2 protein chains.
Amino acid sequence: MNSKDPPFGHSPLPGSASPEICTKSAFVLSLLGDKWSVRVIVRLSAGTLRFNEIKRLVGGISQRVLTSTLRNLEREGLVHRTVHPTVPPRVEYQLSDLGRSLWTVVYPLGEWAAEHMNEIHAARARFDQAR
Amino acid sequence: MNSKDPPFGHSPLPGSASPEICTKSAFVLSLLGDKWSVRVIVRLSAGTLRFNEIKRLVGGISQRVLTSTLRNLEREGLVHRTVHPTVPPRVEYQLSDLGRSLWTVVYPLGEWAAEHMNEIHAARARFDQAR
DNA sequence: CTGTATCCTCGTTGATACTG
DNA sequence: CAGTATCAACGAGGATACAG
């Protein structure tokens, strides 16, 4: 995810009217669809945190992957990273304005999930049992 | 993605107040965060489509992966699959009520992307060039 | 037309050890 | 404390061929 940008810039189909939304929704999902980004953002939505605080709060994430996840979020401009040149080093992470703005539109997905999680699990049970 | 459910049912951290939202947003993203689900849903949001119509409209997806994607969406209860036992076979796909409901909350992400895509690309450019 | 069945490649994740 | 460096494992995704 770090290395090369996904192929989302490709031109809309010629003669096609509306596929704007497709590309753009998929683009946002490609930013957050990985395993950890949202979980990190949720924690940062509560305020500034240090590396190991995030690690503890998120839980189950390795140092290496958390580093990578935070770098991605920083690269997309969703998270700010502040290094205090002390010893031992102190690095603080916080959501940028852009990150907070994104959060306001991602949050409703959590609410939707809360309302419909049971329906999804019911559908899964039906589907799986039908085989 | 078909085989086993992601580990999202795990208990909220003991003594922690709010991490509900985390788990649930991440759950929805785990449904749609793969490479093709949203692109398929967008097309189906316009109406009923046959297998190869989706394949053509989405573009760049292989038969095997489209089949898998549609099976997942069907399993989650987001898409209905109707088989007409004719020859040659005719299979129609459409969003379920649940799928349409989800779409209303995913759509705003596309709008957000449309507004802020430039900021993200600017942030990327700044970040990449700083190395 | 609508899928299955294989095979293969690549990226993401994870575990572990080491550094400033 | 906050990373970087390796290495191993796994799964998603793609190419191709075949089937009902």
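Of all the residues in region A:69-106, those that are within 22 Å of B:Ala113 (Cβ to Cβ), surrounded by fewer than 17 Cβ atoms within 10 Å (Cβ to Cβ) and among the hydroxyl-bearing types (Ser, Thr, Tyr) number 2.
Among the residues of region B:95-131, which ones are among the small types (Gly, Ala, Ser) and at the interface with another protein chain (Cβ under 8 Å from one of its Cβ atoms)? Break it down stepwise before answering.
The first filter runs over region B:95-131 and keeps only residues among the small types (Gly, Ala, Ser), leaving B:96, B:99, B:101, B:110, B:113-114, B:122-123, B:125, B:130.
Answer for region B:95-131, where residues must be among the small types (Gly, Ala, Ser) and at the interface with another protein chain (Cβ under 8 Å from one of its Cβ atoms): B:Ser101, B:Gly110, B:Ala113, B:Ala114, B:Ala122, B:Ala123.
The conditions of being at pLDDT 90 or above, away from DNA strand D (no atom under 15 Å from the Cβ), surrounded by fewer than 17 Cβ atoms within 10 Å (Cβ to Cβ) and more than 7 Å from chain B (Cβ to nearest Cβ) are not met by A:Arg50. Within region B:37-47, work out how many residues are at pLDDT below 95 and within 9 Å of DNA strand D (Cβ to nearest atom). The qualifying residues number 0. Pairs linking a residue in region B:80-94 that is without any contact (Cβ under 8 Å) to a residue 60 or more places away in the chain to a residue that is among the polar types (S, T, N, Q) and more than 15 Å from DNA strand D (Cβ to nearest atom), with Cβ atoms under 6 Å and 6 or more positions apart or on different chains, are B:His80/B:Gln94; B:His80/B:Ser96; B:Glu92/B:Thr48; B:Glu92/B:Thr82; B:Gln94/B:Thr48.
Once region A:29-55 is narrowed to residues that are assigned to a loop (DSSP other than H, G, I, E, B) and within 27 Å of B:Gln129 (Cβ to Cβ), the residue that is farthest from DNA strand C (Cβ to nearest atom) is A:Thr48.
Using the structure shown, decide if B:Leu57 is within 12 Å of chain A (Cβ to nearest Cβ) and under 23 Å from A:His121 (Cα atoms). Working first, answer last.
Numbers: within 12 Å of chain A (Cβ to nearest Cβ): yes; under 23 Å from A:His121 (Cα atoms): no.
No: the conditions fail for B:Leu57.
Test B:Ser68 against the criterion of being modelled with pLDDT of 95 or more, assigned to a helix (DSSP H, G or I) and either at the interface with another protein chain (Cβ under 7 Å from one of its Cβ atoms) or closer than 16 Å to B:Leu29 by Cα (or both), and give yes or no. Considered against the rule, which asks whether it is modelled with pLDDT of 95 or more, assigned to a helix (DSSP H, G or I) and either at the interface with another protein chain (Cβ under 7 Å from one of its Cβ atoms) or closer than 16 Å to B:Leu29 by Cα (or both), B:Ser68 comes out as no.
Give just the number: which of (1) in contact with a Lys or Arg (Cβ under 7 Å, 6 or more places away or on another chain); (2) near DNA strand C (Cβ under 9 Å from one of its atoms); (3) modelled with pLDDT under 95 does A:Val58 not satisfy? Tallying (1) in contact with a Lys or Arg (Cβ under 7 Å, 6 or more places away or on another chain); (2) near DNA strand C (Cβ under 9 Å from one of its atoms); (3) modelled with pLDDT under 95, A:Val58 fails exactly one: (2).
With the requirement that a residue be in contact with a helix residue (DSSP H, G or I) (Cβ under 7 Å, 6 or more places away or on another chain) and within 14 Å of DNA strand D (Cβ to nearest atom), what does region A:20-31 give you? If the condition is that a residue be in contact with a helix residue (DSSP H, G or I) (Cβ under 7 Å, 6 or more places away or on another chain) and within 14 Å of DNA strand D (Cβ to nearest atom), then A:Ala26, A:Leu29 are the ones that fit.
When residues in region A:59-77 are screened for being of a type in the set (A, V, I, L, M, F, W, C) and under 16 Å from A:Gly99 (Cβ atoms), 2 of them pass. Output yes when any residue across region A:23-40 is more than 10 Å from chain B (Cβ to nearest Cβ) and crowded, with 19+ Cβ neighbours inside 10 Å, and no when none is. No, every residue in region A:23-40 fails to be more than 10 Å from chain B (Cβ to nearest Cβ) and crowded, with 19+ Cβ neighbours inside 10 Å. For region A:74-94, a tally of residues being more than 10 Å from every other protein chain (Cβ to nearest Cβ) and within 13 Å of DNA strand C (Cβ to nearest atom) returns 9. Against the definition (modelled with pLDDT under 95 and within 18 Å of B:Leu98 (Cα to Cα)), how does A:Ala122 come out, yes or no? Spelling it out, it is not the case that A:Ala122 is modelled with pLDDT under 95 and within 18 Å of B:Leu98 (Cα to Cα).
The values are calculated or read from the model by the stated rules, or taken from the named source; none is laboratory data. In this text, all values refer to a predicted model and were calculated from it rather than measured experimentally. Note that each Cβ is placed from the backbone with ideal geometry, even for glycine, and that neighbours are counted across all protein chains shown.
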